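Engineer: Submitted below is the structure of interest, expressed as structure tokens.
The values are calculated or read from the model by the stated rules, or taken from the named source; none is laboratory data. Being a predicted model, the structure only gives us computed values, none of them experimental. Note that each Cβ is placed from the backbone with ideal geometry, even for glycine, and that neighbours are counted across all protein chains shown. The accessibility values were calculated without ligands, DNA or RNA, using every heavy atom of the protein model including side chains. Shrake-Rupley method; radii C 1.70, N 1.55, O 1.52, S 1.80 Å.
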Amino acid sequence: MKLATLPSDNTDGRLIVVSDDLQYYLDADAIAPNLQYAVENWQITAPLLEALAQKLADNPNSGKAFDQKIALSPLPRAYAWADGSAYVNHVELVRKARGAEMPASFWEEPLMYQGGSDSFLAPHAPIMMADEAWGIDMEAEIAVITNDVPMGADYDTAKNAILLIMLVNDVSLRGLIPAELAKGFGFFQSKPSSAFSPVAVTPNMLGDAWDGGRLHLAMRIDLNGQPLGRVQTGIDMIFDIPTLIMHAAKTRNLCAGTIIGTGTISNKSEDGGAGKPISEGGVGYSCLAELRTIETILHGKPATPFMRFGDNVTIDMHDAQGKTIFGTINQTIMPYKT
């Protein structure tokens, strides 16, 4: 089934069930007032939500027209949002760009940071920034919403805790990252609010594209209407999602509604070297930092600027029939004024 959240008179919005083609929806607030409640009571709410989804599938005309442009992120806020480093190629490239060594341990155990989760951007909301010089960048990723995960969970427990899958734009401010990390205390100002796809999807909806730990489809990233990336999410993924969940739960319990991200999708070229732009026959990039790094490697300096006011980014994923699965993240950079 596919679930989404519409605005309401409270911060957590109201839960709806959306048709497979994202054209119609039925209100689900009689089952669960919001998605957080639904995942906290998943054993009870999931069968009822599935029945509602089947009702909508049997009779789409029973639903109302779904407009993803007004949807909130499926969880407008969460108790925890932790982002990993499944695609180590990305970590290696961006560290190279700022002259940082790549420890061998990064290939053996995931990196992970805990991001701000008190407010997420709506998927069609603008990204408000006070200064273009902060180096505004997108990061296209996959994220999952988990059930409760006990501390020290094993692989199968982590795998079975995956309830819903989404896309995410993990907005990054590249100009602030080096000085912030140099203090030795991690990201904060350089990682503002993220946005998630209009729809969250249960794993069974993805068919053979989901193998329990990896999603094998192309992530579509466009910048100002031009293709930036068609990266493959199932390859070059060193740590699968259950492994990321295990890592997050090593020293703590994870509560239902925890969001775990894969980190930026990143592919090497067919010969194992740095990824190539789409214009050169490659699959492109999920963020501008990678493109700029490769430009620097090849030409001595980057040619592509980070995003500026008025720039637009879209992030989407299509099924085998070319139809959107999660809806589209569609965001424009706008100046923020106090």
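Engineer: Treating the beta-carbon of each Lys and Arg as +1 and of each Asp and Glu as -1, no other charges, what is the dipole magnitude of the range 103-155 about its Cα centre, to the nearest 20 debye?
Structural biologist: In total the dipole reaches around 120 debye.
Engineer: Could you give the size of the charge dipole of the range 67-110 about its Cα centre, using +1 on the Cβ of each K and R and -1 on the Cβ of each D and E, expressed in debye and rounded to the nearest 20?
Structural biologist: Rounded to the nearest 20 debye, it is 240 debye.
Engineer: Testing the spin-label approximation: label points 7 Å from Cα along Cα→Cβ at Lys64 and Asn204. State their distance in nm.
Structural biologist: The two pseudo-label positions are separated by 2.7 nm.
Engineer: State, as an integer percentage, the relative contact order of the range 154-234 based on alpha-carbon contacts under 8 Å between residues 6 or more apart.
Structural biologist: Relative CO of the range 154-234 lands at 24 percent.
Engineer: Stokes-Einstein at 20 °C, 1.002 mPa s, Kirkwood radius from Cα pairs: D for the range 265-336 in µm² s⁻¹?
Structural biologist: Values: Rh = 14.2 Å.
The Stokes-Einstein estimate is 151 µm²/s.
Engineer: On the accessible surface of the chain, probed at 1.4 Å, how many percent belong to carbon and sulfur atoms?
Structural biologist: Here carbon and sulfur together make up 51 percent of the probe-accessible area.
Engineer: What is the helix-to-structure angle for 288-299, meaning the angle in degrees between its Cα long axis and the longest Cα principal axis of the chain, kept from 0 to 90 and rounded to the nearest 10?
Structural biologist: Between helix and principal axis, roughly 20 degrees.
Engineer: Could you give the length gained by full extension between Ser8 and Ala57, i.e. 0.36 nm per residue of separation minus their alpha carbon distance, to one decimal place?
Structural biologist: So the extension gain works out to 15.1 nm.
Engineer: Counting helices only, and only those DSSP H runs with n ≥ 4, report the 222 nm mean residue ellipticity of the chain as the sum of -39,500 (n - 2.57) divided by its residues, in deg cm²/dmol to the nearest 500.
Structural biologist: -5500 deg cm²/dmol
Engineer: Here's another thing I want to ask about it. Could you order peptides 144-152, 55-63 by the average number of other Cβ atoms within 10 Å of their residues, highest first?
Structural biologist: 144-152, 55-63
Engineer: From the residues Pro178, Thr264, Ala158, which one has its Cα farthest along the dipole of the chain in the positive direction, the dipole being from +1 and -1 charges on Cβ of Lys/Arg and Asp/Glu about the Cα centre?
Structural biologist: Pro178
Engineer: Same structure again: Using the Cα centre as the reference, give the magnitude of the dipole from point charges on the C-beta atoms of the range 209-338 (Lys, Arg: +1; Asp, Glu: -1; all else neutral), rounded to the nearest 20 debye.
Structural biologist: 440
Engineer: Rounding to the nearest 10 and keeping the result within 0 to 90°, find how far the Cα-based axis of helix 42-58 lies from the longest principal axis of the chain.
Structural biologist: Tilt of helix 42-58: around 80 degrees.
Engineer: Tilt of helix 88-97 relative to the longest C-alpha principal axis of the chain, in degrees (0 to 90, nearest 10)?
Structural biologist: The angle comes out at about 40 degrees.
Engineer: Further question on the same structure: From the P(r) of the range 134-215, could you give the percentage of C-alpha pairs in the tail past 20 Å?
Structural biologist: Of the Cα pairs, 50 percent sit more than 20 Å apart.
Engineer: Extent of the range 96-240 along each principal axis, from alpha carbon coordinates, in Å, largest to smallest?
Structural biologist: 43, 38, 30
Engineer: Leaving out ligands, DNA and RNA but keeping every protein chain, what accessible area does Tyr25 have, in Å² rounded to the nearest 10, with a 1.4 Å probe?
Structural biologist: Probe radius 1.4 Å; accessible area of Tyr25 about 20 Å².
Engineer: Follow-up question, since we're still on this one. Remind me, relative contact order of the chain in percent, using alpha carbon pairs under 8 angstrom and six or more residues apart?
Structural biologist: Reported as a whole number, the value is 22 percent.
Engineer: With just the Cα atoms defining each centre, how far is the range 272-338 from the range 12-49? Give it in Å.
Structural biologist: 32
Engineer: Tell me the per residue accessible area of the range 99-213 using a 1.4 Å probe; a whole number in Å² is fine.
Structural biologist: On the way: 4920 Å² over 115 residues.
Computed with neighbouring chains in place, this is 43 Å² per residue.
Engineer: What percentage of all Cα-Cα pairs in the chain are separated by more than 38 Å?
Structural biologist: 12
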